[in-house]
Structure formats: structure tokens, C-alpha cells
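Chemist: Got a structure here, written out as C-alpha cells. Questions coming.
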């Protein structure tokens, strides 16, 4: 049984209509903000992919994972020999290989004039980061479409009230 505030009791199984006040302008604004954030993320990821591709012609060297972390966010460090000295360098944002353990061997490419600019050999094509960038871009377009639909709904509601 459902008891209303006015004291009237409804029989069991009675249907009640619940009205939720929709705010399409708030939805449109929120969707637009999410779309802009996803678009910015997509652009950042594309610049990371471009950086990885710039190392395709770099010097190749065997390396050891020196410090493991979240490689996709640039928290992995590798150790390798360059120009007769040992270099410990951060892998760039967008690197794969996050499931590797410290001490694992890999091949890296680095810039001849600055060996601290390094990337894994498997990442220099940038395809993994480009895939993430495309996913974020598609998400941005979807949220942009949803916010446009919410704005149209808001205009229709205002026009129907008049």
C-alpha cells in the first residue's frame, strides 16, 4: 500500500506517475563541456602520436625497463647505452608496455643529439595513440550531437509553453 501525504491509501498494485523535471539546457551545457574536454584530449593524444612518429628515424638501442609505472601517461623509465654512456630516460606519453616488469628487455629508438628523447620501437608508429585519439574524437562528436539535441528540446519546451 502506498500512503499519500493527504492520508488517502491506494490499493496494492496501483500505478503512480512520477514526473521528473527535465532541464534540457543544463544537459546541453554539460554535454558541450564533456565534448570540449574529449576534443582537447583527442588533440593532446594526436600531438603525442606525432612525437612518437618523429622518432621513427632515431638510433636503435637495446634497453631495460628501469622503473615501471603507467607507461601510457609517461611514467615508465628505461635504461640504455647511448654514445658510450648509460642513459635513464622517461618513455613519452602514449607508450605501451604497461604490463612489463622492471628489468624486462626492449628495443628503443632515441634522437642522436639528445638520447633522453626516447620511445619504444613498438610505439614509434603511433598507431595505439592514434586509436585512442580517434575514440576520444568520436566521443566528442557524440556528446556534441547529444548537447545539440538537448538544446533543440529546450527550445521546443519554451515554444510549447507560449
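The values are calculated or read from the model by the stated rules, or taken from the named source; none is laboratory data. Keep in mind that what you see is a predicted model, and the values were worked out from it rather than measured. Glycine also receives a Cβ, built like all others from the backbone with ideal geometry; neighbour counts cover every protein chain displayed.
Chemist: So which residues in the stretch 1-44 are at pLDDT below 90 and in contact with a helix residue (DSSP H, G or I) (Cβ under 7 Å, 6 or more places away or on another chain), if there are any at all?
Modeler: 24, 25, 27, 28
Chemist: Another question about this same structure. Looking at the stretch 73-83, is at least one residue buried (at least 19 other Cβ atoms within 10 Å of the Cβ), under 30 Å from residue 140 (Cα atoms) and in contact with a strand residue (DSSP E or B) (Cβ under 7 Å, 6 or more places away or on another chain)?
Modeler: Within the stretch 73-83 (the criterion being buried (at least 19 other Cβ atoms within 10 Å of the Cβ), under 30 Å from residue 140 (Cα atoms) and in contact with a strand residue (DSSP E or B) (Cβ under 7 Å, 6 or more places away or on another chain)), the answer is yes, since at least one residue qualifies.
Chemist: Could you check residue 157 against (1) exposed (fewer than 14 other Cβ atoms within 10 Å of the Cβ); (2) within 19 Å of residue 41 (Cα to Cα); (3) touching a helix residue (DSSP H, G or I) at 6+ places or on another chain (Cβ under 8 Å) and say which number it fails?
Modeler: So the condition that residue 157 fails would be (2).
Chemist: Taking the stretch 106-124 as the search range and keeping residues that are in contact with a helix residue (DSSP H, G or I) (Cβ under 6 Å, 6 or more places away or on another chain) and over 8 Å from residue 61 (Cβ atoms), which one is surrounded by the fewest Cβ atoms within 10 Å (Cβ to Cβ)?
Modeler: Filtering the stretch 106-124 for residues that are in contact with a helix residue (DSSP H, G or I) (Cβ under 6 Å, 6 or more places away or on another chain) and over 8 Å from residue 61 (Cβ atoms), the one surrounded by the fewest Cβ atoms within 10 Å (Cβ to Cβ) comes out as 124.
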